[in-house]
Amino acid sequence: MIKKITKFRGIAFAAVIVILFSACGVKNKSADENSLKVGFDVDDTLLFSTPAFQKGFESSEKPFSGEFWAVVNNSDRGNSKIKKKVLQILEKHRVDGDEIYAITARKPNGGEGLKNYLNDALGIPKSNIYFESEGKTNRLQQLGIDIFYGDSDSDISDANAAGIKAYRIERSTASSYQKKYNPGKYGEKVIKNSDW
Ligand SMILES: [Mg+2]
């Protein structure tokens, strides 16, 4: 009886995993297939980071100056929130043996703060975190990223330009950033309910 229950639990667990992967549009891979390289945007994708940006705007630094970015890049800890839906997606990829990258459009000033935070909070290797304020296409190609997740139109168009699969992460309605946001604009799949 116990054996039967255990077996049933095992089957049910496997079924749930398969359903979750299908729901995310991630193909199941056979064990001998190579793992994927998966990239995530940071702001409004991995993190609800409006509070970190507010710290920047509240500081005496000129908005979007190097000093401003240094404040923002050191304000995620204790302020930004990890988006649970995206964390689930990241964890599924990790379980599947995929390599996780973060590629942000933030400027790199004070970037060690963001790298340390993403490493501590999400286990992303610091060497897999990149600052690309001039566009992400080249970096996506250079790293050989297979799938990219992002909230902004440019995340999707940059991934399209790199010839890779892109998924749109829904931006929180509480985000202070309203620009470049037209989910489904490129026919990409939109991942809903991705508030934190
Ligand atoms: Mg973003």
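Bear in mind these aren't lab numbers, they're just calculated from the coordinates by the rules spelled out. None of the values given here were measured: they were computed from a predicted structure. Heads up, the Cβs are rebuilt from the backbone with ideal geometry, glycines too, and the neighbour counts pull from every protein chain shown.
Observations, loosely collected:
- Within straight-line reach of K192, meaning a Cα separation under 19 Å, sit the following aspartates and glutamates at least 8 residues removed in sequence or on another chain: D41, D43, D44, E91, D151, D153, D155, E170.
- Hydrodynamic radius by Kirkwood, which averages 1/r over all alpha carbon pairs of segment 36-122, in angstrom: 13.3
- When the C-alpha to C-alpha distance is required to be over 30 Å, the pairs from K37/K84; K55/K92; K62/K92 that qualify are K55/K92; K62/K92.
- Normalised by the number of residues in segment 149-196, the mean separation of alpha-carbon contacts (under 8 Å, six or more apart) gives a relative contact order of 42 percent.
- Relative contact order for segment 99-196, counting Cα pairs under 8 Å that sit 6 or more residues apart, in percent: 21
- Rounded FRET efficiency, nearest 0.05, which uses the C-beta distance separating K185 from N119 and R0 of 25 Å: 0.20
- Here F57, F148, F68 are placed in order of increasing Cβ neighbour count within 10 Å, fewest first, which gives F57, F68, F148.
- Segment 34-191: antiparallel DSSP beta bridges as a percent of all, rounded to 5: 10
- The Cα center of segment 42-63 and the Cα center of segment 136-188 differ in position by 20 Å.
- Ranked list, fewest to most other Cβ atoms within 10 Å of each Cβ, for D151, D158: D158, D151
- Taking other Cβ atoms within 10 Å as a rough exposure proxy, R106, R168 sort from fewest to most as R106, R168.
- Applying 1/(1 + (r/R0)^6) with R0 = 22 Å to the Cβ-Cβ distance of K192 and D146 gives a FRET efficiency near 0.45.
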